[in-house]
Ligand code: GLV
Ligand code: GLV
């Protein structure tokens with residue numbers, strides 16, 4: 001009998017093609033690139049051997065139970081896997097594939113973009129022009145001035161692949177020093193993905209704690225996984241320890257930053273600005289949400305990996321992970337549960 005695989009989105013055509021070439025797999029496809037209904041997923045998961053899903057599909061005890069003992073593999077089209085219950089999978093020896101490497105460059109590019117947008121007040125400046133305010137804003141020495149990246153210290157909360165690829169870019173911008181804090185406090189990151197930690201032209205130092213990271217950095221890049229330990233790690237205390245010229249960039253997961261505390265820090269000018277690709281309770285951010293009323297805060301709708309090339313790779317890699325998982329082979333990238 002064929003093995004049933006549920007696919008919760010329409011992805012790049014090449015990925016669907018890869019899957020359809022497998023003679024022993026029968027695919028149940030949600031026919032839209034919009035999130036699939038939970039009820040549809042629970043119903044169609046029954047007797048499935050594998051599920052390809054995304055970060056907006058919760059993979060919990062309920063889904064795993066709905067699938068039943070046939071379920072062998074979850075392939076997530078994402079680097080973050082906080083939407084997947086590790087316990088639920090581990091108990092039943094279900095394997096989990098993810099797509100870390102192929103999106104690193106795209107997200108690192110976005111980190112740089114958000115940093116510069118926040119420092120150089122791109123959102124605020126563009127809004128003013130669109131509103132027709134330029135005639136009232138002739139060139140003046142202080143018009144839309146902000147801090148410069150050259151010579152600054154950049155702090156990384158989380159120092160995985162994306163953070164290191166971001167640092168690699170920042171070095172070419174002439175930063176002076178990097179600080180990092182990993183999600184395992186006290187333990188410096190052993191991974192040196194780009195072979196640059198030891199041979200860097202600038203000092204790259206492990207921060208003594210979040211206090212040092214907050215107070216000594218001109219830019220903070222939040223790039224850690226979301227875990228119970230990192231939830232609201234950037235709260236009032238952290239933000240009020242930051243430099244008044246400092247900017248905060250979150251390209252990880254919304255709940256690492258306490259949004260209410262960030263609004264307060266921006267309103268009270270305790271920090272200079274922020275750039276967010278993710279936010280708590282996304283995508284349900286109403287037009288009158290206080291964070292959207294902060295002129296110094298750039299907000300993007302979770303588009304870190306959204307390049308045409310990367311999205312194709314993520315989809316194809318997920319299919320490869322799924323097929324390898326079903327065959328008991330080595331995945332391209334597998335989460336150790
Ligand atoms: C996006 O946030 C991802 O985890 O891939
Ligand atoms: C960062 O989240 C990584 O890819 O390790």
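The values are calculated or read from the model by the stated rules, or taken from the named source; none is laboratory data. Note that the structure is predicted; figures quoted are calculated from it, not measured. Heads up, the Cβs are rebuilt from the backbone with ideal geometry, glycines too, and the neighbour counts pull from every protein chain shown.
Worth pointing out:
- Residue check for residue 99: away from ligand 2 (no atom under 16 Å from the Cβ), within 20 Å of the chain's Cα centre (by Cα) and either in contact (Cβ under 8 Å) with a residue 12 or more places away in the chain or at negative phi (or both): no
- Filter result (within 16 Å of ligand 1 (Cβ to nearest atom) and in contact with a helix residue (DSSP H, G or I) (Cβ under 6 Å, 6 or more places away or on another chain)) within segment 130-172: 161, 162, 165, 166
- Extreme residue, farthest from residue 223 (Cα to Cα), among residues of segment 93-103 that are more than 14 Å from ligand 1 (Cβ to nearest atom) and surrounded by 15 or more Cβ atoms within 10 Å (Cβ to Cβ): 94
- When each of 247, 234, 256 is tested for being within 18 Å of residue 283 (Cα to Cα), touching a strand residue (DSSP E or B) at 6+ places or on another chain (Cβ under 7 Å) and assigned by TED's automatic domain parsing to the domain that holds residue 206, the lone residue that passes is 256.
- Per the listing 312, 319, 298, the residue uniquely surrounded by 15 or more Cβ atoms within 10 Å (Cβ to Cβ) and more than 28 Å from residue 96 (Cα to Cα) is 298.
- Residue in segment 50-59 that is within 16 Å of ligand 2 (Cβ to nearest atom) and in contact (Cβ under 8 Å) with a residue 12 or more places away in the chain present: yes
- Cβ pairs under 8 Å, 6+ apart, first in segment 126-138 and surrounded by 12 or more Cβ atoms within 10 Å (Cβ to Cβ), second assigned to a helix (DSSP H, G or I): 128/134; 137/128
- Segment 242-276, residues that are farther than 27 Å from residue 80 by Cα and surrounded by fewer than 18 Cβ atoms within 10 Å (Cβ to Cβ): 244, 245, 264, 267, 268, 269
- Among the residues listed as 239, 226, the single one being out of contact with any strand residue (DSSP E or B) (no Cβ under 8 Å at 6 or more places or on another chain), touching a residue at least 24 places away in the same chain (Cβ under 8 Å) and on the phi < 0 side of the Ramachandran plot: 226
- The one condition in (1) under 21 Å from residue 226 (Cβ atoms); (2) outside any loop (DSSP other than H, G, I, E, B) that residue 191 fails to fulfil: (2)
- Annotation: of all residues in segment 291-300 being within 22 Å of the chain's Cα centre (by Cα) and outside any loop (DSSP other than H, G, I, E, B), the one that is nearest to ligand 1 (Cβ to nearest atom) is 299.
- Filtering 283, 290 for residues that are surrounded by fewer than 18 Cβ atoms within 10 Å (Cβ to Cβ) and under 30 Å from residue 18 (Cβ atoms) leaves a single hit, 283.
- Unmet requirement for residue 202, which otherwise passes all of (1) exposed (fewer than 12 other Cβ atoms within 10 Å of the Cβ); (2) over 25 Å from the mean Cα position of the chain (by Cα): (1)
- Unique match (being part of a helix (DSSP H, G or I) and not assigned by TED's automatic domain parsing to the domain that holds residue 78) among 142, 159, 170: 170
- Strands (runs of 3 or more DSSP E) wholly inside segment 5-87 that include at least 1 residues being out of contact with any helix residue (DSSP H, G or I) (no Cβ under 9 Å at 6 or more places or on another chain), surrounded by 16 or more Cβ atoms within 10 Å (Cβ to Cβ) and on the phi > 0 side of the Ramachandran plot: none
- Residue match in segment 124-132 (condition: in the same structural domain as residue 273 (by TED's automatic domain parsing), assigned to a helix (DSSP H, G or I), under 25 Å from the mean Cα position of the chain (by Cα) and farther than 26 Å from residue 296 by Cα): no
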